[in-house]
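The values are calculated or read from the model by the stated rules, or taken from the named source; none is laboratory data. Given the structure is predicted, the values throughout are model-derived calculations rather than measurements. Backbone-built Cβ (ideal geometry, glycine too); neighbour counts: all protein chains shown.
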Amino acid sequence: MKIHEYQARQIFRNYGIPVPEDKLCYTIAEVEQAAKELNRMVVVKAQVLVGGRGKAGGVKLAKTVTDAVAAGQKILGMDIKGYTVEKVLVADAVEIHKEFYVGLTIDRNTKSVLFMASAEGGVEIEEVAKTNPEAIHKIPIDPTLGMTDFIARKIAFKLFTDMAQVKQAADIFKKMYQIFIETDASIVEINPLATSDGGKIYALDGKMNFDDNALFRQAEIAAMNEPDEDEKKELKAKESGLSYIRLDGNIGCMVNGAGLAMATMDVVKHFGGSPANFLDIGGSSSPQKVVDAMNLLMSDKNVKVIMINIFGGITRCDDVAKGLVIALEQLKTDIPIVIRLSGTNAEEGLRIIADQNLPIVGSLSEAAQEAIKMVKNLAS
Amino acid sequence: MSILINKDTKVLVQGITGRDGSFHTGKMVAYGTNIVAGVSPGKAGQEVHNVPVFNTVENAVKATGATVSVIFIPAPLAADAILEAAEGGIKLVVCISEGVPTLDMIKATAYLKKKGVQLIGANCPGLITPGESMIGILPGNIFKKGNVGLMSRSGTLTYLMVSLLTDNNIGQSTCVGIGGDPVAGLYYQELLEMFENDPDTEAIVLIGEIGGDAEERAAQYIKEHVTKPVVAFIAGQTAPPGKRMGHAGAIISSGSGTAEEKIAAFEAVGVPVARLPVEIPNLVKAALEKRLTKSK
């Protein structure tokens, strides 16, 4: 789960990390009011859950209230990588002397939380990682120790020489780690972390992602979720035990297992088709799950053909077949369906759907080719 | 021979009285797996599929000499079950549970490392040495004894690959589902080393997917340490960036972790990569033939 910058800044503040004052605004009138109240140079920042806002023109400095209003007018309603900007943050634009990057993430290789720090802040850190990887310090944090004073100091000394700043930075790093652990985060990032007038260090931006598997014990974090339309659909699917991601093709895919679902999409693409979605109905299927899955696929108006690929392990093909029969009865759809069933109870499953006159194919490649043929037939 | 488990391996089931635990215990017993004990707090003295149940792992290990534990415990409690297994004297823990918080896994893997205990999973289908022992939720009937070792991040994709191999009369030495989570136990490198040292494994199939750089690291390891032929498949060749494809680990983030990068890494070290699952059996056959002619 992702949250907006304004939400991350609030979490940082709650833990005592210095963040410049800001106000969240939904309208131009609110932007004007916020700029007046702050009464100094401000930065107007689009609040969307996608990176590269600055490059897209979603972040603007404003010296006067008039400038801030103009910036707000440009940014509110703007489209950034498919996301419409519905709110902006008007923040105190503190004087910046130098910018740094600091971030915490999960490191799969060391199986630990990894602290990353770089003096090359403010820019896209992915670029730095590609062009100048040595400029990023990477420090895996031993989970049995956590972020102790000396580790935080060690990292701070890599970025700062002034002892007062080392102390400030080390304190921020410890708090970032504390936030990471206490909120079950998967990313906590400050870019830029900046030195300002009087040597004071501020977090000027904030990015946080969270571990979906831990949301059950993070009620406050879960409540911060602001899903967009596609994500709402994905969340609803999740409640039915389905893992769904909408794509822009026309072949609706229903598969059991994430790896097989990805491979199914790959095979469809390989033969020249275009999958409408990723849909994993998971293990231990019940007929109801299949009904829910069919409903979900049909709710996407782009879906022209449905392709079902089941390899029964825990999932039983007879359960899938039963669900499919119920779904077809309820939905009375004209959308053509091609189906492949194998593994646990496949024969029984095939017997159950024998009366449905569905094309049944033996292999994944055949299923994909058949589905693509059906799409073509519909078009002609 | 095989890796990790064989017909003599004594297995304990944590969560044996639960719905999934009891169902899959039945399947494992039917396959011939040597299930010696179950653990379920407060249920000591009961039996599930004629397997005696204990209150703690420690008691079960003392009474039966179990060395491997398989975990069917709800995700919020699964990491604690892993710790209990390691503390109780188990040598290999197989965690089937799906949805374990990542920070819990970081703690658990650190403790297991200190104890010298191996882990497979979480969020994995388990492992099998065909004809000898199946630990987890794998459909035993699709496997066939043979000389190809297999490792995979995905469960059902493993079943598809294995059935393609078996249909083509290619048997398997051991198949391991390593799981789809970002932080997991045994991974490609450790398993490649085991298969390389296993006299009964002649070729290795590696099934990867998008996300992370484990496949790239595996390619480097193969180049430096593996003499047996390896063939690969990467799921998610058409997955869009930024979308998590079901598995917690399967996400392309900021342009890295893509299938193209992984395929290129393997091909650069001479590991052929199937573009379609159906190509795997022929790649394996070719690899086995090449190895056979080389050894003559």
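Conditions (1) assigned to a helix (DSSP H, G or I); (2) out of contact with any helix residue (DSSP H, G or I) (no Cβ under 7 Å at 6 or more places or on another chain); (3) facing chain A (nearest Cβ under 10 Å); (4) more than 20 Å from B:Ile128 (Cβ to Cβ), marked per residue:
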{"site": "B:Pro182", "(1), (2), (3), (4)": "no, no, yes, yes"}
{"site": "B:Pro199", "(1), (2), (3), (4)": "no, yes, no, no"}
{"site": "B:Gly212", "(1), (2), (3), (4)": "no, yes, yes, yes"}
{"site": "B:Gln220", "(1), (2), (3), (4)": "yes, yes, no, yes"}
{"site": "B:Gln237", "(1), (2), (3), (4)": "no, no, yes, yes"}
{"site": "B:Val271", "(1), (2), (3), (4)": "no, no, no, yes"}
{"site": "B:Leu283", "(1), (2), (3), (4)": "yes, yes, no, yes"}
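Looking across the range A:10-33, just one residue is touching a Lys or Arg at 6+ places or on another chain (Cβ under 6 Å) and closer than 10 Å to A:Asp92 by Cα, and that is A:Val19.
Inspection of the range B:240-260 identifies at least one residue that is part of a helix (DSSP H, G or I) and touching a residue at least 12 places away in the same chain (Cβ under 8 Å). Cβ-Cβ contacts under 7 Å between residues 6 or more apart (or on different chains), taken from a first residue in the range A:28-42 that is in contact (Cβ under 8 Å) with a residue 12 or more places away in the chain to a second residue that is surrounded by fewer than 16 Cβ atoms within 10 Å (Cβ to Cβ), are listed as A:Ile28/A:Gln73; A:Leu38/A:Glu21; A:Met41/A:Leu61; A:Met41/A:Lys63. Answer yes or no as to whether B:Gly116 is more than 11 Å from chain A (Cβ to nearest Cβ) and over 20 Å from the mean Cα position of the chain (by Cα). Taking the combined requirement at face value, the residue does not satisfy it. All of A:Phe115, A:Phe180, A:Phe173 fail the test of being touching a Pro at 6+ places or on another chain (Cβ under 9 Å), surrounded by 18 or more Cβ atoms within 10 Å (Cβ to Cβ), outside the structural domain of A:Arg53 (by TED's automatic domain parsing) and more than 30 Å from A:Ala68 (Cα to Cα), apart from A:Phe115. Taking the conditions exactly as written (free of Cβ contacts under 8 Å to residues at least 60 places away in the same chain, surrounded by 23 or more Cβ atoms within 10 Å (Cβ to Cβ) and of a type outside the set (Ser, Thr, Tyr)), does B:Val162 satisfy them or not? Here the answer is yes, as B:Val162 does meet what is asked.
Between B:Ile120, B:Ile106, the distinction of being in contact with a Lys or Arg (Cβ under 9 Å, 6 or more places away or on another chain), crowded, with 21+ Cβ neighbours inside 10 Å and either in contact (Cβ under 8 Å) with a residue 60 or more places away in the chain or closer than 15 Å to B:Gly136 by Cα (or both) belongs to B:Ile106 only. None of B:Ile135, B:Ile128 is surrounded by 20 or more Cβ atoms within 10 Å (Cβ to Cβ), among the aliphatic types (A, V, I, L, M) and away from every other protein chain (no Cβ under 13 Å) except B:Ile135. Note on the range B:2-46: residues that are assigned to a loop (DSSP other than H, G, I, E, B) and among the aliphatic types (A, V, I, L, M) total 5. Each residue in the range B:50-90 was checked for being crowded, with 17+ Cβ neighbours inside 10 Å, under 25 Å from the mean Cα position of the chain (by Cα) and of a type outside the set (Asp, Glu), and 24 of them qualify.
Restricting B:Ala259, B:Ala265, B:Ala286 to residues that are surrounded by 21 or more Cβ atoms within 10 Å (Cβ to Cβ), assigned by TED's automatic domain parsing to the domain that holds B:Val231 and farther than 14 Å from A:Ala263 by Cα narrows the list to B:Ala265.
Restricted to strands (runs of 3 or more DSSP E) entirely inside the range A:28-118, those with at least 1 residues that are touching a helix residue (DSSP H, G or I) at 6+ places or on another chain (Cβ under 7 Å), within 14 Å of chain B (Cβ to nearest Cβ) and not hydrophobic (A, V, I, L, M, F, W, C) are A:98-107, A:112-118. Contact map, the range B:195-224: residues that are under 20 Å from B:Gly270 (Cβ atoms) paired with residues that are in a helix (DSSP H, G or I) and of a type in the set (Gly, Ala, Ser), Cβ distance under 6 Å, separation 6+ or inter-chain. Pairs shown: B:Ala203/B:Ala287; B:Glu216/B:Ala265; B:Ala219/B:Ala265.
Conditions tested, residue by residue: (1) under 25 Å from B:Asp104 (Cβ atoms); (2) of a type outside the set (S, T, N, Q); (3) in contact with a Lys or Arg (Cβ under 6 Å, 6 or more places away or on another chain).
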site	(1), (2), (3)
A:His97	no, yes, no
A:Tyr101	no, yes, no
A:Asp107	yes, yes, no
A:Thr110	yes, no, no
A:Ser118	no, no, no
A:Glu124	no, yes, no
A:Glu127	no, yes, no
A:Glu134	no, yes, no
A:Thr144	yes, no, no
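Can you tell me which residue is surrounded by the fewest Cβ atoms within 10 Å (Cβ to Cβ) among those in the range A:49-69 that are aliphatic (A, V, I, L, M) and in contact (Cβ under 8 Å) with a residue 40 or more places away in the chain? If we take residues in the range A:49-69 being aliphatic (A, V, I, L, M) and in contact (Cβ under 8 Å) with a residue 40 or more places away in the chain, then A:Val69 is surrounded by the fewest Cβ atoms within 10 Å (Cβ to Cβ).
If only residues of the range B:201-210 that are assigned to a loop (DSSP other than H, G, I, E, B) and away from chain A (no Cβ under 14 Å) are counted, the one that is surrounded by the fewest Cβ atoms within 10 Å (Cβ to Cβ) is B:Glu202. Among the conditions (1) surrounded by 22 or more Cβ atoms within 10 Å (Cβ to Cβ); (2) at pLDDT 95 or above; (3) aliphatic (A, V, I, L, M), the only one that B:Ile170 does not satisfy is (1). There is no residue in the range A:107-114 that is in contact with a Ser or Thr (Cβ under 6 Å, 6 or more places away or on another chain) and in contact (Cβ under 8 Å) with a residue 60 or more places away in the chain.
When A:Glu95 is tested against (1) under 30 Å from A:Gly72 (Cα atoms); (2) free of Cβ contacts under 8 Å to residues at least 60 places away in the same chain; (3) not hydroxyl-bearing (Ser, Thr, Tyr), just one condition goes unmet, and that condition is (2). Residue count for the range A:212-239 satisfying the condition of being closer than 23 Å to B:Pro182 by Cβ and in contact (Cβ under 8 Å) with a residue 60 or more places away in the chain: 6.
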